[in-house]
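This report refers to the structure that appears directly beneath it.
The values are calculated or read from the model by the stated rules, or taken from the named source; none is laboratory data. Computed from a prediction, not measured in an experiment: that's the story for all the values here. As a convention, Cβ positions derive from the backbone with ideal geometry for all residues, glycine included, and neighbour counts pool all protein chains shown. Calculation scope for accessible area: heavy atoms of the full protein, side chains included, ligands and nucleic acids excluded. Shrake-Rupley method; radii C 1.70, N 1.55, O 1.52, S 1.80 Å.
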Amino acid sequence: MKLISILMVISLSTVICAFFACAAQEASAPMAPAPAPAAAPAAASDIAAPAAPAIPAAAAPAAPQLALAVPSVPKAKPTAVPTPVAKSADVTWMQTYLEGPGYKAAWREPKKGGIMRYGASHKLDGHDPNYGHSFEGPQFLPTYNALLRYDPWKGLGGQIEGDLAETWEVQDGGLTVVFKLREGITFQRNSNLPAEIMDQVSGDSFTCEDAQASLDFAVNPPEGILHSGPRAALNHMSGSSCVDDYTFKVTFEEALARTIPQFAGALGMPHNMDKDFIDWYLNHYNTTDPQENFLDQTTPETYLYGTGTGAFVPHEFEVDVQSKIRANPDYWREGLPLIEGMDQFIITDATARFSALITKQVDYYGEGSASLLPAHVEQIQARFKDKFTIQPTLHSWGKGIQINSLREPFNDRNIRMAMHLALDRDDWVDFNMAAGISGVHRHTLWMPPGSIWALPDEELGEMPGWRRGQGKIDDIAEANRLLDEALGSGIRFSVECMAQGAQMYIDGCEYFQDQMKRNLGVEVTISSVESAVQGDRGRGSQYDVHYGSKVLTNVADPDDFYMIHLIKERESWYYRGTGREEAEPELTAKLVDLVGRQSRELDVAKRVEIVHDIERILATEAMFSIPFPWTYIFPAWSNEIKGWTLYPHPSQNKWAQWERLWLDRN
């Protein structure tokens, strides 16, 4: 069926340049219900410093990469904020996609039908779309649409296009965005809704009141509702209004460069629900135990309440076993989705999930930290290369060490810098190697590797702490000199490294322990804790250092990380520079000013300059956290899946691909 569609597209200059395709999201740091005893503060001791720094090997070669053909994304030239351009095509939705820049000829012609089988790594417990594409996202996000989205086949390297919004216009110098909503869109027909809202929600038209209620619920949820993605991304929103049924106006306290990209790719943006459903939910939430609210507690009954405008509808849920979604027969993008549905089999054990993949019981292996292990990658490459696609992917998270500058001696920048200088990054690269496969991108600060915001690898490779060979020998010598100057000759301290109990986090503390002992004579103990204890101690600043996924990006925008690391009103305990204001008041004030300036700067070239200044200051003066080489992950899927790809940091963007992938079982 043919239709005329107007797709508003913005050619973003803030796109990623990466040499590997990219994947999924790691679960956010969990909340903690119970207090934990305070950890003992770090103490100076008479542990002797090593007589001489350990001598690393001569300059190490670049870590070998997986021998796979992976497309690169061209780096954009920094330019001023572009103007939307209308594009009209009298073709079907799928024809439009096939003629777009992301289509791969190797996929051949699309086919209809079939059930895609997804190997889910985590149990589903909570299906509020505002939580975004966590491990469990494929089990409920395909039910919904966003106002805007990135080109699903190009991701952050592509264009922004309308989803529920047909067009949009930035007004008042960035203080106002006006969305013209598509007409004729209806919510899914859902006979599983509670009787009291069935008639108001099922099959209802999507209009401005729904977009307004959804955005307000996302950005200003009631106390106790913990979704934070849209709230963090659009916390400069001052209000919204409906000009008419299909014109939605959103106003902001200040004009920021991130506004439109966050509408298109922030955590939890495909969240549009019916206003009557939200009103009913909020009333239910306010009159029952908040811990029993049905968006946070997934049951076979509440899972089926999910009602959006998206390509798929919830069909079945069996606790800790599986969930099923099926094609929306009334989807407004005529002819889509191509598959009949998706069954998500919950297989938490990585080895069992891998066995299910290679025996064709599932078509897709989970993503994020639950993607293929290096040994699994080697096995597929050796035995099943013609049956599966693997795309090495820069994760949306980077690992690192968060330092508590409220505690002595970490309030001394020389101590923080010494720990950074003493880390031999090549040892971490080796630590993450298996069968010649690299699990990390070596040159990393806080901005996503390969983006225009990241310092060039050439510059970073010459910076103290990241050098190799004689440069690393000099780094370690300087680290010991700094400790002698701060504590006295030969005096060292002890430090506790806190990490969540999973081995992938304990690994980071073990590497840190080895490096500190070997290169500085510093004793490190490891505190492996449950997620609840981690959260409680983290929020109470009851730790010396904390290892975890300490850097993140949603749309490869500097605000994704800087706001939660450096801005007091918007910080997250998991990412903040703990104690920065007390330990470094002047430097912190300088960084806060620079972060505000870059956020407001709409000229991309000028913004890049400011961001690079921030990166250099964090790396050479502040060091509130120590970045580790950015993580690669290895998602895999059957070659029977077509129309699916990954790209740099797609955690919050890949959801839009489900409607256009197809199966070729032959």
- Item | Matching residues, the range 374-399, being surrounded by 23 or more Cβ atoms within 10 Å (Cβ to Cβ) and polar (S, T, N, Q) | 391, 393, 396
- Message: Of the conditions (1) open to solvent by 10 Å² or more (accessible area, probe 1.4 Å); (2) free of Cβ contacts under 8 Å to residues at least 60 places away in the same chain; (3) within 27 Å of the chain's Cα centre (by Cα), residue 234 satisfies every one except a single condition; which number is it?
- Response: (1)
- Would you mind stating whether residue 510 is under 21 Å from the mean Cα position of the chain (by Cα) and open to solvent by 20 Å² or more (accessible area, probe 1.4 Å)? no
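Considering 651, 625, 572, which residue is farther than 28 Å from residue 457 by Cα and of a type in the set (Ser, Thr, Tyr)? Outline the logic, then answer.
Working: 651 fails: farther than 28 Å from residue 457 by Cα; 625 fails: farther than 28 Å from residue 457 by Cα.
Within the list 651, 625, 572, the selection yields 572.
Return the residue satisfying two criteria in turn: it lies in the range 603-644 and is among the basic types (Lys, Arg) and in contact (Cβ under 8 Å) with a residue 24 or more places away in the chain, and of such residues it is surrounded by the most Cβ atoms within 10 Å (Cβ to Cβ).
Going residue by residue through the range 603-644, those that are among the basic types (Lys, Arg) are 606-607, 616, 642.
Subset that is in contact (Cβ under 8 Å) with a residue 24 or more places away in the chain: 607, 616, 642.
Details: 607: 24, 616: 15, 642: 20.
Residue satisfying both the conditions and the ranking: 607.
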- Query: Has the range 178-199 got any residue that is within 20 Å of residue 277 (Cβ to Cβ), open to solvent by 30 Å² or more (accessible area, probe 1.4 Å), among the acidic types (Asp, Glu) and at pLDDT below 95?
  - Reply: yes
- Message: Filter the range 338-373 down to the residues that are over 17 Å from residue 115 (Cα atoms), of a type outside the set (A, V, I, L, M), more than 21 Å from the chain's Cα centre (by Cα) and surrounded by fewer than 18 Cβ atoms within 10 Å (Cβ to Cβ) and list them by number.
- Response: 349, 351, 355
- Item | Which numbered condition residue 157 fails, given (1) open to solvent by 20 Å² or more (accessible area, probe 1.4 Å); (2) modelled with pLDDT of 95 or more | (2)
- Task: Please specify each residue of the range 553-595 satisfying the condition of being among the small types (Gly, Ala, Ser), part of a helix (DSSP H, G or I) and touching a residue at least 12 places away in the same chain (Cβ under 8 Å).
- Result: 583
- Message: I'd like to check something: does the range 455-477 contain any residue that is over 26 Å from residue 583 (Cβ atoms), at pLDDT below 95 and in contact with a Phe, Trp or Tyr (Cβ under 8 Å, 6 or more places away or on another chain)?
- Response: no
- Scanning for something assigned to a helix (DSSP H, G or I) and of a type in the set (Ser, Thr, Tyr), does the range 360-367 turn up at least one residue? no
- Is the range 539-560 home to any residue that is surrounded by fewer than 21 Cβ atoms within 10 Å (Cβ to Cβ) and of a type in the set (D, E, K, R)? yes
- Of all residues making up the range 134-164, the number that are under 23 Å from residue 356 (Cα atoms) and either of a type in the set (Asp, Glu) or part of a loop (DSSP other than H, G, I, E, B) (or both): 4
- Can residue 632 be described as under 29 Å from residue 391 (Cβ atoms) and in a loop (DSSP other than H, G, I, E, B)? no
- Message: Can you report the number of residues in the range 121-146 which are in contact with a Phe, Trp or Tyr (Cβ under 6 Å, 6 or more places away or on another chain) and either farther than 20 Å from residue 294 by Cα or open to solvent by 20 Å² or more (accessible area, probe 1.4 Å) (or both)?
- Response: 2
- Message: Condition check: within 27 Å of residue 611 (Cβ to Cβ), in a helix (DSSP H, G or I) and either free of Cβ contacts under 8 Å to residues at least 60 places away in the same chain or within 26 Å of the chain's Cα centre (by Cα) (or both). Does residue 459 satisfy that?
- Response: yes
- residue 240 passes all but one of (1) open to solvent by 50 Å² or more (accessible area, probe 1.4 Å); (2) modelled with pLDDT of 90 or more; (3) not in a helix (DSSP H, G or I); which number fails? (1)
- Breaking point among (1) out of contact with any helix residue (DSSP H, G or I) (no Cβ under 7 Å at 6 or more places or on another chain); (2) surrounded by fewer than 16 Cβ atoms within 10 Å (Cβ to Cβ), for residue 249: (2)
- Item | Pair list, Cβ < 9 Å and 6+ apart or interchain, from the range 258-286 residues that are outside any helix (DSSP H, G or I) to residues that are at pLDDT 90 or above and of a type in the set (Lys, Arg) | 266/258; 269/149; 270/149
- Look through 136, 169, 109, 183 and report the one residue that is out of contact with any Ser or Thr (no Cβ under 6 Å at 6 or more places or on another chain), over 18 Å from residue 331 (Cα atoms) and in contact (Cβ under 8 Å) with a residue 24 or more places away in the chain. 169
- Which of the residues that make up the range 513-558 are closer than 30 Å to residue 591 by Cα and acidic (Asp, Glu)? 536, 544, 557
